[in-house]
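The values are calculated or read from the model by the stated rules, or taken from the named source; none is laboratory data. Since this is a predicted model, take the numbers as computed values, not measurements. Here Cβ is always computed from backbone atoms with ideal geometry, including for glycine, and neighbour counts include all displayed protein chains. These accessible areas exclude ligands, DNA and RNA; they are computed on the full protein's heavy atoms, side chains included. Shrake-Rupley method; radii C 1.70, N 1.55, O 1.52, S 1.80 Å.
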Amino acid sequence: MTAARETSLSPRVQQLMDRIESGLPEGRIPSNIFGNPEVHQTELRKVFGRAWVYMAHESEIEANGDYVVRRIGEDSFVVTRDEYGKIHVLFDACKHRGVQICRSDSGNSSHFRCPYHGWTYSSDGSLVGAPLWKNAFGSMSKADNGLARAAQVESFHGLIFATLDPSAPPLRTYLGGMAWYLDLLFGLDKDGVEVLGKPQRFVLDANWKSGSDNFSGDDYHLGTLHKSVWSIGAFPVPFSENMMGYHIQASPGHSLSFSMAEDADEPGPNFFGFPESLAENFDTARISPEQLEVARRSRVIVANVFPNFSILALPMTEDGANHPPTGVLTIRCWQPKGPGQVEMWNWFLGYKGMTPEQKDRAYRAGLGTFSLGGAFEMDDTEPWITVAKNGRSVAAELLDFELNYKMGLPGIGMARPVQDWPGPGKVFWTRYEEGVQRNMYAFYADMMRAEPGQWPEFEF
């Protein structure tokens, strides 16, 4: 870590970050990081105020003038495509009095007009006028009064990310080894992916880190919390087989998990369960033979890009009696809404080369499993509520209550390091392992303690 140890953290937050650093080698994390108000305020500045944060997919703003309203931490930003096709991430606040300028979650407009005093901005954020301009402002510069904007914006396979920190490294540097795996999934077909419908949104009395923790590779809960999913035939791979695969710390902070047959000749599902007719016609010119082979053998990929952008692809069905499982690709953000609430944003995506029928089938399968009313979602969210409740409890504080993240440490469990994996990162076989989550929390603590302009390492 390159950041100085002396930081501006409050004594309580500093103590919790120190406990993460000292406890992680033995698989211990303080429960109080979930739901603590001081921790939350620090996260908004040290994590969400600096990290590269997922904003939108380019297919959501395909036409010039299209826009969507999204969040960085708890703050609203307008993601626009201007009249020349360039993408902008604009702070949703009029430069005159700070009034919200965009009153719809999405749409198409050449301008945004503040309802308070009528200051009007073009789709690239430039101030273009206001009522009675000459009388009110005369020669005041319009160029100096445009909307504030994210410090940096980049797109990666159509995934739009932004950061508020001008000192942040380029997005690919920030992603480190995770870029190899994003290439593998989103570049599997040269035409890429597109969003299937608008995002679902719902609020939970939970903490954002529970979602990121889960999608970093918490596969151990599948046999208990999601046992009913196998009972109703929603997922085709038995639990014991599904746990065979790899846990990968792709780079500091970013982790993922593959369910994968140990022998390449074992039966599928392959390519995350997407139809064979689709897989046979993938144009894989954008990925390497090694990435193609990993994708071919994969049944499930679950991943988290720090801090709060999660990805899942797997074969699912909402109705096992009438429809066989098909590939479902979902991305989601865990948006903080105070220390004890999170707003979950969920999108379903499909490869552009899919037929309309295949896209409809994938969307319906996703709605029935990973959505507000889906079997998986309802299972997951209930435990996360109690994680936050206990994390902010007096008992957890007075008892110095710590959580057990020991699985996969030397001598604990059956997971073993893998040396001949074709991609980057620290790799373990099988999925009985929690190093993927320890990787997330180590980077989290480093970000929380980093001083302005200083960054943790992005490669191991």
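Any idea which residue in region 221-270 is modelled with the highest pLDDT, counting only those that are over 14 Å from Val300 (Cα atoms) and among the β-branched types (Val, Ile, Thr)? Among those that are over 14 Å from Val300 (Cα atoms) and among the β-branched types (Val, Ile, Thr), it is Thr224. Annotation note: of Val69, Val13, Val39, the sole residue that is in contact with a Ser or Thr (Cβ under 7 Å, 6 or more places away or on another chain), of a type in the set (Val, Ile, Thr), closer than 29 Å to Pro452 by Cβ and part of a helix (DSSP H, G or I) is Val13. Scanning region 52-76 for residues being farther than 17 Å from Phe156 by Cβ and in contact with an Asp or Glu (Cβ under 7 Å, 6 or more places away or on another chain) gives a total of 5.
Flag not set for Phe202, criterion: touching a residue at least 24 places away in the same chain (Cβ under 8 Å) and surrounded by 17 or more Cβ atoms within 10 Å (Cβ to Cβ). The numbered conditions (1) crowded, with 18+ Cβ neighbours inside 10 Å; (2) in a loop (DSSP other than H, G, I, E, B) are all true for Ala303 except (2).
Considering (1) over 29 Å from the mean Cα position of the chain (by Cα); (2) open to solvent by less than 20 Å² (accessible area, probe 1.4 Å); (3) on the phi > 0 side of the Ramachandran plot, the lone condition that Gly125 does not fulfil carries the number (1). For region 269-309, give me each residue that is of a type in the set (Val, Ile, Thr) and under 30 Å from Leu44 (Cα atoms). Passing the criteria: Ile301, Val302, Val305.
Let's see how each residue does on (1) closer than 22 Å to Glu58 by Cα; (2) not aliphatic (A, V, I, L, M):
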| residue | (1), (2) |
| --- | --- |
| Ser288 | no, yes |
| Arg296 | no, yes |
| Phe306 | yes, yes |
| Thr317 | no, yes |
| Asn322 | no, yes |
| Val328 | yes, no |
| Ile331 | yes, no |
| Gly338 | no, yes |
| Glu357 | no, yes |
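Of the conditions (1) in a loop (DSSP other than H, G, I, E, B); (2) in contact with a helix residue (DSSP H, G or I) (Cβ under 7 Å, 6 or more places away or on another chain); (3) closer than 29 Å to His254 by Cα, Phe48 satisfies every one except a single condition; which number is it? For Phe48, the failing item is (2).
Return yes or no: is Ser59 free of Cβ contacts under 8 Å to residues at least 24 places away in the same chain, small (Gly, Ala, Ser) and surrounded by 14 or more Cβ atoms within 10 Å (Cβ to Cβ)?
Details: free of Cβ contacts under 8 Å to residues at least 24 places away in the same chain: no; small (Gly, Ala, Ser): yes; surrounded by 14 or more Cβ atoms within 10 Å (Cβ to Cβ): yes.
In short, no.
So that you can scan it fast, the table gives a plain yes or no per residue for (1) hydrophobic (A, V, I, L, M, F, W, C); (2) more than 18 Å from Trp208 (Cβ to Cβ); (3) out of contact with any Lys or Arg (no Cβ under 8 Å at 6 or more places or on another chain):
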{"residue": "Glu382", "(1), (2), (3)": "no, no, yes"}
{"residue": "Ala388", "(1), (2), (3)": "yes, no, yes"}
{"residue": "Arg392", "(1), (2), (3)": "no, no, yes"}
{"residue": "Met414", "(1), (2), (3)": "yes, yes, yes"}
{"residue": "Gly423", "(1), (2), (3)": "no, yes, yes"}
{"residue": "Gln437", "(1), (2), (3)": "no, no, yes"}
{"residue": "Met448", "(1), (2), (3)": "yes, no, no"}
{"residue": "Pro452", "(1), (2), (3)": "no, yes, yes"}
{"residue": "Glu457", "(1), (2), (3)": "no, yes, yes"}
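Is it true that some residue in region 283-298 is within 16 Å of Ala365 (Cα to Cα), in contact with a strand residue (DSSP E or B) (Cβ under 6 Å, 6 or more places away or on another chain), touching a residue at least 12 places away in the same chain (Cβ under 8 Å) and open to solvent by less than 50 Å² (accessible area, probe 1.4 Å)? No, region 283-298 contains no residue that is within 16 Å of Ala365 (Cα to Cα), in contact with a strand residue (DSSP E or B) (Cβ under 6 Å, 6 or more places away or on another chain), touching a residue at least 12 places away in the same chain (Cβ under 8 Å) and open to solvent by less than 50 Å² (accessible area, probe 1.4 Å).
Restricting Asn322, Asn346 to residues that are surrounded by fewer than 23 Cβ atoms within 10 Å (Cβ to Cβ), among the polar types (S, T, N, Q) and free of Cβ contacts under 8 Å to residues at least 40 places away in the same chain narrows the list to Asn322. Number of residues in region 25-39 that are open to solvent by 20 Å² or more (accessible area, probe 1.4 Å) and either at pLDDT 95 or above or of a type in the set (D, E, K, R) (or both): the value is 4. When region 412-460 is examined, which residues are found to be under 18 Å from the mean Cα position of the chain (by Cα) and not hydrophobic (A, V, I, L, M, F, W, C)? Residues satisfying the conditions are Gln437, Arg438, Asn439, Tyr441, Tyr444. Number of residues in region 445-460 that are buried (at least 17 other Cβ atoms within 10 Å of the Cβ) and either small (Gly, Ala, Ser) or without any contact (Cβ under 8 Å) to a residue 12 or more places away in the chain (or both): the value is 2. Could you tell me whether any residue of region 379-390 is at pLDDT below 95, loosely packed, with under 13 Cβ neighbours inside 10 Å and assigned to a loop (DSSP other than H, G, I, E, B)? No: region 379-390 contains no residue that is at pLDDT below 95, loosely packed, with under 13 Cβ neighbours inside 10 Å and assigned to a loop (DSSP other than H, G, I, E, B).
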